[in-house]
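The values are calculated or read from the model by the stated rules, or taken from the named source; none is laboratory data. Since the structure is predicted, the reported quantities are computational estimates derived from the model, not experimental observations. Virtual Cβ from ideal backbone geometry, glycine too; neighbours counted across all protein chains shown. For accessibility, only protein heavy atoms count, side chains too; no ligands or nucleic acids. Shrake-Rupley method; radii C 1.70, N 1.55, O 1.52, S 1.80 Å.
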4 protein chains.
Amino acid sequence: MLVVMKPHATQEQIDAVVEKIRGMGLQAHPIPGAQRVAIGITGNKGGLDPGNFETMPGVADAIRVSQPFKLVSREVKEEDTVIDVGGVKLGGKEIAVMAGPCSVETREQILEAAHAVKAAGAKLLRGGAFKPRTSPYEFQGLAEEGLKLLALAREQTGLKVVTEAMDVENLAMVADYADVVQIGARNMQNFSLLRQLGAIKKPVLLKRGPSATIKEWLMAAEYVVSSGNYQVALCERGIRTFETMTRNTLDLNADGIIVEVHPRPDRALSDGHQSLTPSEFDGLMKQVRVIAGAVGRSL
Amino acid sequence: MLVVMKPHATQEQIDAVVEKIRGMGLQAHPIPGAQRVAIGITGNKGGLDPGNFETMPGVADAIRVSQPFKLVSREVKEEDTVIDVGGVKLGGKEIAVMAGPCSVETREQILEAAHAVKAAGAKLLRGGAFKPRTSPYEFQGLAEEGLKLLALAREQTGLKVVTEAMDVENLAMVADYADVVQIGARNMQNFSLLRQLGAIKKPVLLKRGPSATIKEWLMAAEYVVSSGNYQVALCERGIRTFETMTRNTLDLNADGIIVEVHPRPDRALSDGHQSLTPSEFDGLMKQVRVIAGAVGRSL
Amino acid sequence: MLVVMKPHATQEQIDAVVEKIRGMGLQAHPIPGAQRVAIGITGNKGGLDPGNFETMPGVADAIRVSQPFKLVSREVKEEDTVIDVGGVKLGGKEIAVMAGPCSVETREQILEAAHAVKAAGAKLLRGGAFKPRTSPYEFQGLAEEGLKLLALAREQTGLKVVTEAMDVENLAMVADYADVVQIGARNMQNFSLLRQLGAIKKPVLLKRGPSATIKEWLMAAEYVVSSGNYQVALCERGIRTFETMTRNTLDLNADGIIVEVHPRPDRALSDGHQSLTPSEFDGLMKQVRVIAGAVGRSL
Amino acid sequence: MLVVMKPHATQEQIDAVVEKIRGMGLQAHPIPGAQRVAIGITGNKGGLDPGNFETMPGVADAIRVSQPFKLVSREVKEEDTVIDVGGVKLGGKEIAVMAGPCSVETREQILEAAHAVKAAGAKLLRGGAFKPRTSPYEFQGLAEEGLKLLALAREQTGLKVVTEAMDVENLAMVADYADVVQIGARNMQNFSLLRQLGAIKKPVLLKRGPSATIKEWLMAAEYVVSSGNYQVALCERGIRTFETMTRNTLDLNADGIIVEVHPRPDRALSDGHQSLTPSEFDGLMKQVRVIAGAVGRSL
């Protein structure tokens, strides 16, 4: 059930609806929109009677949500979500570009990469301090040391920092350093982790699991949103198919891109084979700028 | 084995190599290139000794082909293949656009569609006269009547015609009317049909099977080329994955696009739900024109 | 629409229903069952009114078929289909075992294989005379010479022969020699071929395409049945997935099995790596016999 | 690198090898076998020289491990792994049967299920107290209360308990109550959790991720084994494919089975549609008993 408030509903009217919902033993999720506030209701077993809310002052409508993903559905919030990362917008007219190496490796590497992607026009710096690796014997990241280097790069360049949290243990620390907390593909259905994301005040970049359906992905976002964090950006990264000539098969339209850039890919401690050099990245940005314009966006 | 002739090898020298190959009980496939002629050898069980050919006059090199797809490999023909369809190029700098309805339905429908896609800048008209349908109870196409309507549309607009041949029985008839003969995804491994394509003098547009690997697709092209028809264009159309929200999952870069356009998609006898209207197609073409420019191509 | 006749309906009553259907410009498909005759109707665009048939003499019921596959649905024929191959049953209590080499290669090879699988308890001999191969350079089968050798093996052993038809050109010849005509996985949606199977009087073994959904497979069977051949057995052979350690992924329950057996797999011209030796096959049959008993079947 | 000790090597000789490995800054993993001890070495960047160990007293051989999964490879431990769960064997001649409801729901439900599966011949009871659910609004399990009910069922029936740990927070508690700790499919690559499994002294049942390759699954087991817990059983549960008529596609041979049994599936709080009733489970066990015998195993 979703209670849609009138455009000029007062805070008292909103509070009254929230109060009533809680009085019924249910959860209320007020979701501010550009035009109006909507209040999602969860926790009910069967359907609710819209009549409970329709006649309350300030209420425009009370509608049933037909999707299993409720708070993240278009029924609940029709307009596009735009996330503000300290002035850089995710989901707006501007194409957001996040670039940087797979892993933070050394001070020189991350600073060189940051300056290069900044020069090419990116506004967000990506780089992993905690790395989920298929093998226990591979490089697992610099941990807090890596986070500090990312913060240093931010200080020098003004780029916003996107970096991954792998578990509940380190989540608070990652959120302290990051501007956007990334949840990796393998953790997309780590529900214990997802539920803790409501406690942090930073936007979340939720990568799609390699074999997750779009519905499962939206349900994972629902875990985050229902825990209280409404700032979730979805990051498509391709799915696993029978084809082995390409590592993943990717099919989409997007509001932004995330690209691995490394000063010297041949010496990278992880994913070097799929990283661009700074100059390749610069060429890519030139093309993206023209293409964005062709489809009514900008960079 | 591939025998690469010198740039200025004479016809006599080429003939002598072909003669020698045939004398060994093998097949010779002379493949003209922009710079030189190469002669593919097939039919040998084990490896051949390059020494058999290296010392013959006009021969530059004799090299082993390491791929299971031989004649379609880059080892045999390093440069890009450009197919000339009566002046319209497939595979060159220009992005080839093939557009039109899924099926030819009526005289009015195909002529209206042809004029519309021509106006928007397409140079090839697509439309099926023979339709492979999942159900035996669905519209199966107008057969020869549909081919005649395509020929009429070509006459009025100058567009080249791309249309599908479904079986050996109707192949010669389709090839008479078509400028490019399409082989559909479900027939990609209909080897009896592929082998007959050597006998027609028209370029072939070979669609990828929905679960074919890229290697199997190249092997299907190898069937066509080894039967004597060197003009094969590959048409990616997405593969089947676990995801059901999208019908196919598509991952690629291309030299052209093929798009379904129908004057009134809501009344189409097949695939109306995925057809663009002429005006949507016109908008698409405007974007493609800019994007093509951004990547150093044109329309 | 399906018209179900009463158990003791007369031939005249059946003919009258068929006549009425044809008079409406539609196709009638009388399907004999153990208890009663049912008449499938195809060719109608919209729904038909059951009232057209319900009051006719001998008619028990007229029901709408809700599946896209009509004649092969359980709605049309509730009981299991049992196909009689000269006394050997497919689909009955007995597990049908079809065994033999991938390809017929030589007189000695096929006779040795036939005697071996007969001795182990198989009742049907499989072996290909026409082989659809991924590469045009691989062994393509002995063609009619192979069919003659299969007939000879049948003569010597009494085994029924299962062999593949690859195209319309050779279908009649294959059907002359075979007891069961196999349609291979790659031809599952070769609709031109499927439509010709109504003209042959032999049962059809329809293999599942490697990426066909079960619904598409049933629709392919519908092509055969709607063309007039009601004897269609479905052969599951695994589907293509992301996993490459197994060639196909197989998931099923069955009325029979089809197994490749070759006297000397290491010398086989095709698929030797997946063929059992006669003695391995003998061991398999011993296990299958006990397992069949455990699930209330026999061998 | 794997150092294989002689059958009668002394503890001192083993300790000396371990000491030498640690002295080189690497990790030593002594793996006891039925015939001999082997010592796996991890942590080396490049290859090691076997000469370092071959001449030490008690050493039979020092061999390079060619697989990315090292400690779980057959190279390191050739014989089958048999895990002893308080007298019940996983991986031996006997087929291990784990049965019980998806979730522990009530005292009556779990006790009734336990007595029923015990009567049918199962030796391990499964049931979830922590449930990873696709939706945040679905039943998430009884948590510690569920674990206590499982312990009570064990006390009454003597069945061993298999139950899932979802996160590091609750791992120690789950391990206290469980005889076997299950890691669910969605957590197969939750590396932070896998690394903590070395600290518990209970066997681990590691389910395959729905889109994990077999290699990735073995690498996940490697995480557990390299953290110090050698008792890992792999649980296949089918993979995700394009086919939607079956929820998962399953392809395997096994040493045991895990089956959902619920006293009243229609009232189950989770997965009722795929649970057997006690009487259906009893019928299944009768068949499994015969089939196990047919393949040289027992129940």
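Filtered by the rule that a residue be touching a helix residue (DSSP H, G or I) at 6+ places or on another chain (Cβ under 8 Å) and open to solvent by 20 Å² or more (accessible area, probe 1.4 Å), the stretch B:95-105 gives a lone residue, B:Ile95. Selection of the stretch C:191-202 for residues being touching a strand residue (DSSP E or B) at 6+ places or on another chain (Cβ under 8 Å) and open to solvent by 10 Å² or more (accessible area, probe 1.4 Å) yields C:Ile200, C:Lys202.
Taking the criterion of being more than 25 Å from A:Val82 (Cβ to Cβ) and open to solvent by less than 10 Å² (accessible area, probe 1.4 Å), the only residue of the stretch A:18-42 that qualifies is A:Ile21. Residue count for the stretch A:106-118, restricted to those that are open to solvent by less than 70 Å² (accessible area, probe 1.4 Å) and free of Cβ contacts under 8 Å to residues at least 60 places away in the same chain: 4.
If you go through the stretch D:228-242 one residue at a time, do you hit one that is out of contact with any His (no Cβ under 8 Å at 6 or more places or on another chain), at pLDDT below 85, under 28 Å from C:Gly293 (Cα atoms) and not acidic (Asp, Glu)? No; the residues of the stretch D:228-242 include none that is out of contact with any His (no Cβ under 8 Å at 6 or more places or on another chain), at pLDDT below 85, under 28 Å from C:Gly293 (Cα atoms) and not acidic (Asp, Glu). Within the stretch C:137-146, being open to solvent by 10 Å² or more (accessible area, probe 1.4 Å) and touching a strand residue (DSSP E or B) at 6+ places or on another chain (Cβ under 8 Å) holds for C:Tyr137, C:Phe139, C:Gly141, C:Leu142.
Residue by residue, here is whether (1) closer than 20 Å to B:Ala113 by Cβ; (2) modelled with pLDDT of 95 or more holds:
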site: B:Lys160; (1), (2): yes, yes
site: B:Thr163; (1), (2): yes, yes
site: B:Ile183; (1), (2): no, yes
site: B:Ile200; (1), (2): no, no
site: B:Leu205; (1), (2): yes, yes
site: B:Gly209; (1), (2): no, no
site: B:Ala212; (1), (2): no, no
site: B:Val225; (1), (2): no, no
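Here B:Gly121 meets each of (1) small (Gly, Ala, Ser); (2) surrounded by fewer than 22 Cβ atoms within 10 Å (Cβ to Cβ); (3) over 18 Å from B:Met285 (Cα atoms); (4) in contact with a helix residue (DSSP H, G or I) (Cβ under 7 Å, 6 or more places away or on another chain) with one exception, condition (3). With respect to (1) in a helix (DSSP H, G or I); (2) on the phi > 0 side of the Ramachandran plot, the lone exception for C:Glu216 is condition (2). Annotation note: Cβ proximity below 6 Å between a residue of the stretch D:147-159 that is open to solvent by 10 Å² or more (accessible area, probe 1.4 Å) and a residue that is part of a helix (DSSP H, G or I) (sequence gap 6+ or interchain) occurs for D:Leu149/D:Arg107; D:Leu149/D:Ile110; D:Ala151/D:Tyr177; D:Thr157/D:Ala114; D:Thr157/D:Lys118. Tallying residues that are open to solvent by less than 50 Å² (accessible area, probe 1.4 Å) and either within 19 Å of D:Gly209 (Cα to Cα) or β-branched (Val, Ile, Thr) (or both) within the stretch A:231-242 yields 5. Taking the stretch C:132-171 as the range and being within 14 Å of chain B (Cβ to nearest Cβ) and closer than 24 Å to C:Leu90 by Cα as the test, the residues that pass are C:Glu164, C:Ala165, C:Met166, C:Leu171. Against the test of being away from chain A (no Cβ under 11 Å) and part of a helix (DSSP H, G or I), the options D:Asp251, D:Asp282 yield a single qualifying residue, D:Asp282. The residue that is nearest to the chain's Cα centre (by Cα), among those in the stretch A:184-210 that are in contact (Cβ under 8 Å) with a residue 40 or more places away in the chain and within 12 Å of chain D (Cβ to nearest Cβ), is A:Gly184. Selection over the stretch A:285-299 of residues that are closer than 18 Å to A:Val259 by Cα and free of Cβ contacts under 8 Å to residues at least 12 places away in the same chain gives a count of 4. Checked against (1) of a type outside the set (S, T, N, Q); (2) within 14 Å of chain D (Cβ to nearest Cβ); (3) closer than 26 Å to A:Ala292 by Cβ; (4) open to solvent by less than 10 Å² (accessible area, probe 1.4 Å), A:Val180 meets all criteria but (2). Put simply, of C:Glu155, C:Glu164 the only residue that is more than 18 Å from the chain's Cα centre (by Cα) and either of a type outside the set (Phe, Trp, Tyr) or within 30 Å of C:Ala292 (Cβ to Cβ) (or both) is C:Glu155. Across the stretch C:211-225, which residue is nearest to B:Phe130 (Cα to Cα) among those that are crowded, with 24+ Cβ neighbours inside 10 Å and within 8 Å of another protein chain (Cβ to nearest Cβ)? Filtering the stretch C:211-225 for residues that are crowded, with 24+ Cβ neighbours inside 10 Å and within 8 Å of another protein chain (Cβ to nearest Cβ), the one nearest to B:Phe130 (Cα to Cα) comes out as C:Tyr223. Checking each residue in the stretch D:66-86 for being of a type in the set (S, T, N, Q) and open to solvent by 40 Å² or more (accessible area, probe 1.4 Å) picks out D:Ser66, D:Gln67, D:Thr81.
Residues of the stretch A:35-51 that are more than 14 Å from A:Gln67 (Cα to Cα) and away from every other protein chain (no Cβ under 13 Å): A:Gln35, A:Arg36, A:Val37, A:Ala38, A:Ile39, A:Leu48, A:Asp49, A:Pro50, A:Gly51.
Among the residues making up the stretch A:1-56, a single one is in contact with a His (Cβ under 7 Å, 6 or more places away or on another chain) and among the aliphatic types (A, V, I, L, M): A:Ile39. Restricting attention to the stretch C:52-65, which residues are modelled with pLDDT of 90 or more and loosely packed, with under 14 Cβ neighbours inside 10 Å? C:Glu54, C:Thr55, C:Pro57, listed by residue number.
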